[in-house]
Amino acid sequence: MHNNRILRERVAGQSAMAAVVRAQASAPELSRLAKIFGVSPLTLEARAHYRGALGELLVGDVLENLGPTWDVLHDLPLDGVVVDHLLIGRAGVFTVRAANYGRNEVAIDDDTITVGGERRDDLARAAAGAAEVSRLLSAAAGKPVRVRPLLVVVDPLRLVIKAPASGVRVLASRDLERVLADSPRTLTGEEVAEISDLADLEGTWPTPVTPELDPQALHRDFGTIRTSVNDSFVRRILWAAAATIVVYASVCSVIAALVTVVVSS
């Protein structure tokens, strides 16, 4: 049993950011022409983790800024289940799964979640994560610890709740802080402290299978990649704008020429 208190050193999006950095480490250097035209520097493997990392970072920032009455741990090292954030406060214990689908419409219909008409499995993953955390915390505490799952959709174009999901609360990231602030108290201060103390022990959770990372170095390396991705996006926008202007100018020239012909005749 490991009782080191190292989990608090883990940062939001740690696993996802590390996956992006590893994938980019072997990425070939883009040609000068590719950079000029704004080709994304991300490899296919890195793209699979990049959006998720951004979502976890955004949600992590919200949770970190809730105030001293809340305790939050990030990137819990569980076996077979990914838990992005664990939140503990007088309103209870919550697992928080960040789902970053981009600017798309997200629909919830009972236990089905669809993004642009395509089904996703995040509701099941959120429920499984909460169940596993509850099992492990209960074993450590020697009594039942209820853990409620939250699925936070990051900045969706629209979130439509046709019928609430059973067992998982779904909300947009913009509503996360308000929902937590308005949640009724279910735990005493002593219970919060006890659960937080257990959650902070490495021995409460399965031993991490990956080596510990330097959070500052990880943020630096991921930040460098993020800057490069943003720069390429800006270049693509500028090229698209330039193309639109050229097309518009060409259309105007054709219309002007037609008007001249009509008037002349």
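The values are calculated or read from the model by the stated rules, or taken from the named source; none is laboratory data. As the structure is a prediction and not an experimental result, all values here were calculated from the model. Glycine also receives a Cβ, built like all others from the backbone with ideal geometry; neighbour counts cover every protein chain displayed. When the accessible area is computed, the model is the full protein with side chains, heavy atoms only, and any ligands, DNA or RNA have been set aside. Shrake-Rupley method; radii C 1.70, N 1.55, O 1.52, S 1.80 Å.
Quick notes on this one:
- Filter result (of a type in the set (D, E) and open to solvent by 80 Å² or more (accessible area, probe 1.4 Å)) within segment 28-80: E29, E45, D61, E64, D79
- Taking segment 6-35 as the range and being in contact with a helix residue (DSSP H, G or I) (Cβ under 7 Å, 6 or more places away or on another chain) and modelled with pLDDT under 85 as the test, the residues that pass are I6, L7, E9.
- Filter result (out of contact with any Gly (no Cβ under 9 Å at 6 or more places or on another chain) and of a type in the set (V, I, T)) within segment 64-95: I88, V93
- Lone qualifier among A107, A91 - being free of Cβ contacts under 8 Å to residues at least 60 places away in the same chain and among the small types (G, A, S): A107
- Failed criterion for V133 (all others in (1) within 12 Å of V170 (Cβ to Cβ); (2) assigned to a helix (DSSP H, G or I) hold): (1)
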